[in-house]
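*Asks:* Please read through the structure below; I'll follow up with questions.
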Amino acid sequence: MKIEIINIGDEILIGQVINTNAAWMAEELNRNGFKVFQFTVISDKREHILQALNDAQNRADLVLVSGGIGPTRDDITKQTICEFFETKLVFNQDAFRDIEILFGRRGYKITELNRKQAELPESCIPLPNRMGTARGMWFEKERGSRDEGRGTRDVGREANNEDESGIRDPGSGIFVFLPGVPFEMKDLFTREVIPRLKERFTPTTIYHKTVMTQGKGESFMADILEAWENNLPKHISLAYLPQPGIVRLRFTAVGEQQEELETEVDDEIRKLHKLIPDLIFGYDTDTLEAVVGQLLMVKNQSLATAESCTGGYIAHLITSIAGSSSYFKGSIVAYSNEAKQNILYVKEDSLVAHGAVSEQVVLEMALGARDRFRTDYSIATSGIAGPTGGTQEKPVGTVWIAIATPERVFAKHYLFGNNRERNIRRTALQALNLLRKEL
């Protein structure tokens, strides 16, 4: 079954509002065994809505539309829907009663615009909205009408009345219109739409598992994993999802039994661990700052940071975790050479001989932070975040990271890119991962 999500709203197209509705609906559908194949965003214009609906009916079995059905005069979707489905608006007494109850609870007076919210297309199945005044609307169009003008169909697939997902085609295209307000849409979707889809279709089982890695870029990782990836079972796919400093490896397994899929994916992850043991730090929603914090807490050990190029960002990540006060003692943002000398006891000779961005200085920063805060571990960073300040010897993106442990202190050199924000993020994550491996 092919599912398309259409979002209506000029506010999305001009970048004023982020399209979180589509992402949330896709995630919920996937979790329930339904896969989305296309997102479409259109303006609040009649001709755009008609064109989008017409295009969608020729490529999708289920079309989910959010936005444009509010009480204001610029919401023209209901009138356009009537035009598309060749129906008319009629007053729905049940919908109006719900509006009266909702406004009564809030002490509001019903206006003519609110009353018009009870006007719904005659041919739709209304979906009650407990959170607002705009009811959802469920339509069905016969398959014959949607196939007009379409090219040659896959006869074998049509005969079996199902597609590659294994979900049976019900014989008609389904259109569901939902309010654009996220909390209203989510309640309607969970309470009305998903149960109806499960009654109508037999969903497949889709299982996702994400492995979190740090230390290698996407292309380098792909080279390392090529032979293993080529031998994955056909019903298990792997996606590389990179972001600054991290690559997520998402497994997607499609089948019938959840437990069998989980076992198969776990087997592949065990093989993955043998290939990149030092790069994997967690799964799904795990973060490096949380993993490091948990290790420190279990060991009953403490941490401090001395930050120059990261400007306190590592401390920010660490303290974003609830309970971090039990293991994190504090941070010194030593941005100037004077601060490095006076607060972290970095030697003037080291700064003169090697410069602030150097192995010697970052080692002394780490030792100074560990001693100042009397912690078991410390992290120190010094680098050229950019976009200016680089030299031929030390270009933008040059970074030194040091880790001080109860037994030793060591430093690593990195050359990142020329984007300041990405350099700060990558440095922080690299530092946390170095500490994780020590722990």
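The values are calculated or read from the model by the stated rules, or taken from the named source; none is laboratory data. Just so we're clear, the structure is a prediction, and the values are computed from it rather than from any experiment. We place every Cβ from the backbone using ideal geometry, glycine too, and count neighbours over all the protein chains shown.
*Asks:* If I filter region 1-33 down to residues being among the β-branched types (Val, Ile, Thr) and touching a residue at least 12 places away in the same chain (Cβ under 8 Å), which single residue comes out as surrounded by the most Cβ atoms within 10 Å (Cβ to Cβ)?
*Replies:* The extreme case among them is Ile8.
*Asks:* Next question, about the same structure. Keeping to region 103-140, report how many residues are of a type in the set (Ser, Thr, Tyr) and surrounded by 14 or more Cβ atoms within 10 Å (Cβ to Cβ). Quick ask: steps written out before the conclusion?
*Replies:* Within region 103-140, the subset of a type in the set (Ser, Thr, Tyr) is 108, 111, 123, 133.
Narrowing the set further to residues that are surrounded by 14 or more Cβ atoms within 10 Å (Cβ to Cβ) leaves 123, 133.
Going through region 103-140 one residue at a time, the tally reaches 2.
*Asks:* Ala428: buried (at least 23 other Cβ atoms within 10 Å of the Cβ), among the aliphatic types (A, V, I, L, M), within 15 Å of Ile314 (Cβ to Cβ) and more than 30 Å from the chain's Cα centre (by Cα), yes or no? Reasoning before the result, please.
*Replies:* Numbers: buried (at least 23 other Cβ atoms within 10 Å of the Cβ): yes; among the aliphatic types (A, V, I, L, M): yes; within 15 Å of Ile314 (Cβ to Cβ): yes; more than 30 Å from the chain's Cα centre (by Cα): no.
The answer is no for Ala428.
*Asks:* Could I ask something else about it? Take the residues of region 418-432 that are touching a Cys at 6+ places or on another chain (Cβ under 9 Å) and polar (S, T, N, Q): which is nearest to Ile401 (Cα to Cα)?
*Replies:* Thr427
*Asks:* Going by what's in this entry, would Val396 be described as out of contact with any Ser or Thr (no Cβ under 8 Å at 6 or more places or on another chain) and of a type in the set (Val, Ile, Thr)? Can you show your working first?
*Replies:* On the way: out of contact with any Ser or Thr (no Cβ under 8 Å at 6 or more places or on another chain): no; of a type in the set (Val, Ile, Thr): yes.
No, not satisfied.
*Asks:* Another one. Is at least one residue of region 314-321 part of a helix (DSSP H, G or I), among the small types (Gly, Ala, Ser) and in the same structural domain as Leu434 (by TED's automatic domain parsing)?
*Replies:* Taking region 314-321 first, the residues part of a helix (DSSP H, G or I) are 314-319.
Within this subset, residues satisfying the condition of being among the small types (Gly, Ala, Ser) are 315.
In the following step, the residues that additionally are in the same structural domain as Leu434 (by TED's automatic domain parsing) were identified as 315.
Yes, the conditions are met somewhere in region 314-321.
*Asks:* Could you list all residues from region 224-247 that are of a type in the set (Gly, Ala, Ser) and modelled with pLDDT under 95? Show your work before the answer.
*Replies:* Applying the first criterion (of a type in the set (Gly, Ala, Ser)) to region 224-247 yields 227, 237, 239, 245.
Once the filter is applied, which keeps residues that are of a type in the set (Gly, Ala, Ser) and modelled with pLDDT under 95, region 224-247 yields only Gly245.
*Asks:* Cβ-Cβ below 8 Å, separation at least six or inter-chain, first residue in region 341-366 and part of a helix (DSSP H, G or I), second at pLDDT below 95 and acidic (Asp, Glu): which pairs?
*Replies:* Listed by first residue and then by second, the contacts come to nothing, as the list is empty.
*Asks:* Continuing with the same structure: Whether any residue in region 56-64 is more than 23 Å from Leu197 (Cα to Cα), modelled with pLDDT of 90 or more and touching a strand residue (DSSP E or B) at 6+ places or on another chain (Cβ under 8 Å) is what I want to check. Walk me through how you get there before you give the answer.
*Replies:* Residues of region 56-64 that are more than 23 Å from Leu197 (Cα to Cα), as a first pass: none.
For region 56-64, residues more than 23 Å from Leu197 (Cα to Cα), modelled with pLDDT of 90 or more and touching a strand residue (DSSP E or B) at 6+ places or on another chain (Cβ under 8 Å): absent.
*Asks:* Then there is this: It is to be established whether one or more residues within region 180-191 are assigned to a helix (DSSP H, G or I) and not assigned by TED's automatic domain parsing to the domain that holds Thr77.
*Replies:* Here is the first cut: in region 180-191, the ones assigned to a helix (DSSP H, G or I) are 182-191.
The next check asks that each one be not assigned by TED's automatic domain parsing to the domain that holds Thr77; those that pass are none.
Taking every residue of region 180-191 in turn, none turns out to be assigned to a helix (DSSP H, G or I) and not assigned by TED's automatic domain parsing to the domain that holds Thr77.
*Asks:* Go through (1) hydroxyl-bearing (Ser, Thr, Tyr); (2) farther than 15 Å from Gly355 by Cα; (3) touching a strand residue (DSSP E or B) at 6+ places or on another chain (Cβ under 6 Å) and name the single condition Thr388 misses.
*Replies:* Every listed condition holds for Thr388 apart from (3).
*Asks:* Right, another one. Please enumerate the residues belonging to region 87-102 that are surrounded by 11 or more Cβ atoms within 10 Å (Cβ to Cβ) and touching a residue at least 12 places away in the same chain (Cβ under 8 Å).
*Replies:* Thr87, Lys88, Leu89, Val90, Phe91, Asn92, Asp94, Ala95, Phe96, Asp98, Ile99, Leu102
*Asks:* Can you list residue pairs whose Cβ atoms sit under 9 Å apart, with the first residue in region 323-337 being free of Cβ contacts under 8 Å to residues at least 24 places away in the same chain and the second being polar (S, T, N, Q)? Count only pairs 6 or more apart in sequence or on different chains.
*Replies:* Every condition considered, the pairs that remain are Ser325/Thr319; Ser336/Ser308.
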